[in-house]
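The block underneath contains the structure these notes are about, expressed in structure tokens.
Bear in mind that the values in this text are calculations on the coordinates, not laboratory data. Remember, predicted model here, so these are calculated numbers, not experimental data. Here Cβ is always computed from backbone atoms with ideal geometry, including for glycine, and neighbour counts include all displayed protein chains.
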Amino acid sequence: MNEKIKIRMSHHEARIASRIIVVRGERVILDLHLADFYSVETRVLKQAVRRNPERFPADFMFELSDNEIDEVVSQNVIPSKKHFGGSRPFAFTESGVAMLSGVLKSGKAIEINIAVVRAFTMLRKLLQVEESLVFEIENIKQVILENKNNIQVIFKYLEQFEKVKEDQLKFSERRRIGFNRE
């Protein structure tokens, strides 16, 4: 990989990216974090979503299960379950966040949605770079393993050569028996 990939995030995008987590194999942002970014209460954001259920299919937004809530707490995404205020948190995928711009109609919502989409895009690029690096590292490991095997074969040949030389030396230094002409 000869090319250098530069990924620049604004402070705002970096802050958003730090809140993106993986749940059910999807990169998502929790409702309480989105509400913070939008400067609205979490209940206001949830009300807007509940009033427009047709805009948020399961691949756009889902509620976390008890196990998922425990996992989010254990990963220190949030300090405790109390942060949810007794209700199950919503997890929004990139598509779900994009749909929020149609539900939360304000200049701030549009600005935040643009930043969130950029953050998701940047993370996707970073993951592609990471996958490429992992592939290159695996190739390097394979070459090293092949070289290691070749080096071991060379050492075996050297050991055999050394043994033959020792045997030849022993043969030449042996005490001769029989008639000696000298």
The farthest towards the positive end of the charge dipole of the chain, of the residues A98, Q142, A58, given +1 on Cβ of Lys and Arg and -1 on Cβ of Asp and Glu, is Q142
Taking 14-24, 167-177 and ranking on average Cβ neighbours within 10 Å, highest first, one gets 14-24, 167-177
Restricting to Cα pairs under 8 Å and 6 or more apart, the percent relative contact order of the chain works out to 26 percent
Reviewing [x] 69, 19, 12; [y] 124, 14, 9; [z] 28, 19, 14, the figure for semi-axes √(5λ) of the Cα gyration tensor in Å actually calculated from this model sits under [x]
Across V153, V72, V117, the residue with the highest GNM fluctuation in the chain (Cα network, 10 Å cutoff) is V153
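Helix hunt in the chain: which complete DSSP H runs extend at least 18 Å axially by C-alpha with mean Kyte-Doolittle at least -0.5?
107-172
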The exposure ranking of L34, L104, L45, fewest beta-carbon neighbours within 10 Å first, is L104, L45, L34
So, with points 7 Å from each Cα along the Cβ direction, the F135-E159 label distance in nm works out to 3.9 nm
